[in-house]
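Here the structure comes first, spelled out in structure tokens, and everything after it is commentary.
The values are calculated or read from the model by the stated rules, or taken from the named source; none is laboratory data. Keep in mind it's a predicted model, so treat the numbers as computed, not measured. Don't worry about glycine lacking a Cβ; one is built from the backbone with ideal geometry, like all the others, and counts go over all protein chains shown. Keep in mind that these areas ignore ligands, DNA and RNA; they rest on the heavy atoms of the full protein, side chains included. Shrake-Rupley method; radii C 1.70, N 1.55, O 1.52, S 1.80 Å.
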Amino acid sequence: WSAPADFRMYPNPTTGEVFLGLPSVGKIEVYAVSGQRIRDLEADSDEVVLRLSRSGIYFIRFVSREGIAVKRLLVL
């Protein structure tokens, strides 16, 4: 991997719907704070809407050719 593939995530905190602004195509993985992977998505556009119905803390991991980036998300 060369450089990390950074992405935008807003709003954070959220009430369940978050927008991911992505620099390239790739894969999105959603993890609960316990470390359990709860969702996988293919990112085929530069903006993806992610909906999470349960409140809590999540980690959003974006994997692309450019690298890997992880951000924390709070769902109220």
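Assorted remarks:
- Checking G67, G16 one by one, the residue that is touching a Phe, Trp or Tyr at 6+ places or on another chain (Cβ under 7 Å), in contact (Cβ under 8 Å) with a residue 40 or more places away in the chain and on the phi > 0 side of the Ramachandran plot is G67 and no other.
- Scanning segment 7-36 for residues that are within 11 Å of V63 (Cα to Cα), open to solvent by less than 90 Å² (accessible area, probe 1.4 Å) and among the β-branched types (V, I, T) yields a count of 1.
- Scanning segment 37-68 for residues that are part of a loop (DSSP other than H, G, I, E, B), farther than 15 Å from S24 by Cβ and open to solvent by less than 60 Å² (accessible area, probe 1.4 Å) gives a single hit, L52.
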